[in-house]
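Take a look at the structure set out below.
The values are calculated or read from the model by the stated rules, or taken from the named source; none is laboratory data. Note that this is a predicted model, so its numbers are computed, not measured. Cβ placement follows ideal geometry from the backbone for every residue including glycine, while neighbour counts extend to all protein chains displayed.
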Number of protein chains: 2
Amino acid sequence: MILARPLTAADFAPFGDVLDAAGDPDRIINAGLCGRFHDRARLDFAAGGRAGVSIFNAVPRALPYALDLVERHPLGAQCFIPMTQHPYLVIVASAPTPDAVQAFIAAPGQAINFHRGTWHGVLTPLHAPGLFAVVDYIGEGDNLQEVTFDTPVMITAPQA
Amino acid sequence: MILARPLTAADFAPFGDVLDAAGDPDRIINAGLCGRFHDRARLDFAAGGRAGVSIFNAVPRALPYALDLVERHPLGAQCFIPMTQHPYLVIVASAPTPDAVQAFIAAPGQAINFHRGTWHGVLTPLHAPGLFAVVDYIGEGDNLQEVTFDTPVMITAPQA
């Protein structure tokens, strides 16, 4: 059983970016009424593609969660922006094997960006609606690699 | 006084895109557990720039709202993704004059993309936290044009 940890930028750095409004904004705009935390996702896309914005509506999962598949996108980064203030489960792996899996719980106000080629679990909201905007690679080529596990990795969290 | 209308894709079409999970998804992914509403924003960027993802944290506004400035971004589209389920005010204008202003109230689950060069009001959340992810042009050049109004346009809504 893997215990999901609270998502932090430092712990997530080997896998991607955490986008939030923590700390001081990079710029103050709109006559002082808006803080801009500027350009926080490393959007690395292969030539032949471009960024697009899609909406994902996913079925909420219950904990403990049985992870039996990881996937990666060789042609581009993938940024998930929650359109609710519900926490959600973020699963990554330094290799496509059960022992390399790590799990995090994203807090309200945290978006994530998986760096290009990072192994990860599919989108796993924990509450309805499981609504996210996704910025990812739109273009030519096969952008999906999947590895299934014979024995699922069980993931839980102290609270979510 | 302008009355903000509920945001619909049809009414907003001259100004940009409404991104939501309405209707049937374009694709079903993740073993049937996620609907993908694919590539819903026209992200038109000038050469010399690229898409980036930033976080905006804006002070909530009260209604009626006094609009005294519109702006536009000549170098690229700008997509606003609410990270809460609160409604927010969307202000656009077919020209940078008070009589050309229109206003909408976005419902929970609706993101918007202003097409490149569209005149619009600054980000106007109506509830705290005023937290949005913004996909816009990162690159060279002057991407901001502003026009102020001598007499503000008052905007309200029947409910928000």
Residues of region A:68-82 being touching a Pro at 6+ places or on another chain (Cβ under 6 Å) and crowded, with 21+ Cβ neighbours inside 10 Å, which ones?
A:V70
Yes or no: region A:60-81 includes at least one residue that is charged (D, E, K, R) and in a loop (DSSP other than H, G, I, E, B).
yes
Qualifying residues in region A:125-149 (those that are β-branched (V, I, T) and at the interface with chain B (Cβ under 9 Å from one of its Cβ atoms)) - the one farthest from A:L89 (Cα to Cα)
A:I138
Take the residues of region A:67-94 that are farther than 25 Å from A:G49 by Cβ and aliphatic (A, V, I, L, M): which is nearest to the chain's Cα centre (by Cα)?
A:L89
Subset tally (residues that are part of a loop (DSSP other than H, G, I, E, B) and facing chain B (nearest Cβ under 7 Å)) for region A:26-53:
7
When you check A:A111 against the structure, is it modelled with pLDDT of 95 or more, of a type outside the set (S, T, Y) and buried (at least 18 other Cβ atoms within 10 Å of the Cβ), yes or no?
yes
If you check B:G23, B:G16, which single one turns out to be more than 7 Å from chain A (Cβ to nearest Cβ) and surrounded by 15 or more Cβ atoms within 10 Å (Cβ to Cβ)?
B:G16
A:F56 passes all but one of (1) part of a strand (DSSP E or B); (2) more than 11 Å from every other protein chain (Cβ to nearest Cβ); (3) crowded, with 18+ Cβ neighbours inside 10 Å; (4) not β-branched (V, I, T); which number fails?
(2)
So A:P152 ticks every box in (1) more than 11 Å from chain B (Cβ to nearest Cβ); (2) surrounded by 20 or more Cβ atoms within 10 Å (Cβ to Cβ) but one. Which box is left unticked?
(2)
Given (1) within 12 Å of chain B (Cβ to nearest Cβ); (2) basic (K, R); (3) farther than 22 Å from B:I138 by Cβ, index of the condition A:R72 fails:
(1)
